[in-house]
Amino acid sequence: MGNGKNGRKVKSRKKIVWIAVGSLILLLILKSVVCGKRDPGITVQTEKAARRDITQLVSATGIINPVYQVVITPEVTGEIVELPVQEGDRVKRNQLLIRIKPDSYAAQRDRAQANLESAQANLGIRRIEKGYIESNFKRTEELFRSGVTNQQELEKMKADLASSIAQLEAQKAMVQQAEAALKESSENLKKTAIYSPMDGTVSQLNVELGERVLGSGFSQGTNLMTVADLGKMEAIVDVDENDVVLVSIGDTAKIELDAFKNTTYNGEVTQIANSAKTTGQGTQQEVVNFAIKIALSDFNSQVRPGMSCNADIEVETKDNVLTVPIQSVTARSAEEAAAGTTPDSSRELIVGKTSKKKQSKPKEVVFVVDKDTVAMKEVKIGISDNEYIEIISGLKQGEEVVSGPYRAISSELQDKTKVKLESKGKAGKGGKKN
């Protein structure tokens, strides 16, 4: 009997355990169902549309260069025998920079001088000969009229006179040629001394004393040095072809140098290139840029040629316009906007065929928070700066728009998507209120 009673107790305990396990499983299932029905939605950040003063910027990168600089190259070839300046020296206009060994050029000048004197002496002889033959011709002509001499003698004297005149003219040309050779050799001798063309600083020196340099008579010549006016500097930046049409002469700019992270310099656009600079031509990486020069209005002596810079050109300013964070605006095609789908889900795929369904131009939209969901609204946009973009139509001041995260705005959100607010931006933060 004892064994039967113990068996019933064991069965009773097992039954209780199974009931408890089943109850726990049932509770878990119910909790899962209930929680599944309460979709918390996509977590987003928001900010209210507010009025602000907004300035559209065109950003570009480039280098700093002097406004006025001259690259010095020699016009004659030879050895540097005098180099009285060093890199960084201040120089005045017409100050000696380099002297090239003048010996061979002085010898050429002396030889040309001697040739000229010889040609001038020969010219004197030709003049005397011409005078003598001319007097003989006149005497023979008088004798012919008197019948003392014949026609043949007169013709001979006439030919001798013509030959003498031609030789005289030829010798005059020889003298002119010798004068030109002397002038050229004298100029070459002068070119052995190179003087500064302007007041400035030797910003770059590429040669040393005793070095042999090549003149630019038949080639580019040796780059000796660069003299620059470091009191006037400019930024030369490359602007994309889509942005260059927005820039005008006189636009103001803010310039930051990589060497001075916390310093901003003011500038003004002084020149816009008419021709483009194309890199990667004929490839997918082809880029078309235009060079723009921006004169710096304030800078310190530590700013040096060749430094890298970033420029923000202020091309247009609007006051008290309705704005939203620039990341709040995204593009959706008309079909996607109408269907309330994401860009990927609306694409048509037909097996065995190539679908070329024509889609209209994408439209700019924002997502406006309405309680715990969002409404997709089409907007018309205007200018923008680095943080905010102008809303011309489609949105009212004070409406709360989704400002992040980027993935949610660009692809996850649809019309009437459920959302959960992480934080709310303050209306009119950093802007104007009506």
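The values are calculated or read from the model by the stated rules, or taken from the named source; none is laboratory data. Keep in mind that what you see is a predicted model, and the values were worked out from it rather than measured. Cβ sites come from the backbone with ideal geometry, for glycine too, and all protein chains shown count toward neighbours.
In summary, Gly210 fulfils each of the numbered conditions (1) modelled with pLDDT under 95; (2) more than 17 Å from Ile100 (Cα to Cα) with the single exception of condition (2).
When every residue of segment 51-63 is checked against the conditions, none turns out to be closer than 21 Å to Gly215 by Cβ and either touching a residue at least 12 places away in the same chain (Cβ under 8 Å) or assigned to a loop (DSSP other than H, G, I, E, B) (or both). In the set (1) exposed (fewer than 12 other Cβ atoms within 10 Å of the Cβ); (2) in contact with a Leu (Cβ under 7 Å, 6 or more places away or on another chain); (3) among the hydrophobic types (A, V, I, L, M, F, W, C), Val148 fails one condition alone, (2). Kindly establish whether Gly282 is over 19 Å from the mean Cα position of the chain (by Cα), part of a loop (DSSP other than H, G, I, E, B) and free of Cβ contacts under 8 Å to residues at least 60 places away in the same chain. Yes: the conditions hold for Gly282. Candidates Thr201, Thr222: the one that is outside any helix (DSSP H, G or I), in contact with an Asp or Glu (Cβ under 8 Å, 6 or more places away or on another chain) and in contact (Cβ under 8 Å) with a residue 24 or more places away in the chain is Thr201. For segment 364-424, the strands (runs of 3 or more DSSP E) that sit wholly inside it and include 3 or more residues that are more than 23 Å from Val58 (Cβ to Cβ) are 373-378, 400-404, 419-424.
Can we say Gln120 is surrounded by 13 or more Cβ atoms within 10 Å (Cβ to Cβ), of a type outside the set (Ser, Thr, Tyr) and part of a helix (DSSP H, G or I)? Here the answer is yes, as Gln120 does meet what is asked.
So that you can scan it fast, the table gives a plain yes or no per residue for (1) surrounded by 14 or more Cβ atoms within 10 Å (Cβ to Cβ); (2) in contact with a helix residue (DSSP H, G or I) (Cβ under 6 Å, 6 or more places away or on another chain):
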site: Val81; (1), (2): yes, no
site: Gln95; (1), (2): yes, no
site: Tyr105; (1), (2): yes, yes
site: Ile133; (1), (2): yes, yes
site: Gln152; (1), (2): no, no
site: Leu161; (1), (2): yes, yes
site: Gln171; (1), (2): yes, yes
site: Ala178; (1), (2): yes, yes
site: Ser186; (1), (2): yes, yes
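Taking the criterion of being within 36 Å of the chain's Cα centre (by Cα) and of a type in the set (S, T, N, Q), the residues of segment 171-227 that qualify are Ser196, Thr201, Ser203, Gln204, Asn206, Ser216, Ser219, Gln220, Thr222, Asn223, Thr226.
Lys361 fulfils the conditions (1) surrounded by fewer than 18 Cβ atoms within 10 Å (Cβ to Cβ); (2) touching a Phe, Trp or Tyr at 6+ places or on another chain (Cβ under 6 Å) except for a single criterion, (2). Whenever a residue of segment 124-150 is closer than 25 Å to Val175 by Cβ, its partners that are among the β-branched types (Val, Ile, Thr) and outside any loop (DSSP other than H, G, I, E, B), lying with C-beta atoms within less than 9 angstrom and at least six residues away or across chains, give the pairs Lys130/Ile165; Ile133/Ile165; Glu134/Ile165. Taking the condition within 30 Å of Val58 (Cα to Cα), modelled with pLDDT under 95 and either in contact with a Gly (Cβ under 6 Å, 6 or more places away or on another chain) or assigned to a strand (DSSP E or B) (or both), does Val239 pass? Here the answer is yes, as Val239 does meet what is asked. One residue stands out in segment 204-219 among those that are charged (D, E, K, R) and assigned to a loop (DSSP other than H, G, I, E, B): the one that is nearest to Val91 (Cα to Cα), namely Glu208.
The residues on offer are Glu184, Glu208, and the sole one that is within 30 Å of Arg111 (Cβ to Cβ), touching a residue at least 12 places away in the same chain (Cβ under 8 Å) and charged (D, E, K, R) is Glu184.
Being surrounded by 14 or more Cβ atoms within 10 Å (Cβ to Cβ) and under 28 Å from Ala106 (Cα atoms) is not true of Val202.
Residues considered: Glu234, Glu268, Glu256. Of these, the only one that is farther than 21 Å from Glu316 by Cα, of a type in the set (Asp, Glu), surrounded by 13 or more Cβ atoms within 10 Å (Cβ to Cβ) and touching a residue at least 24 places away in the same chain (Cβ under 8 Å) is Glu234.
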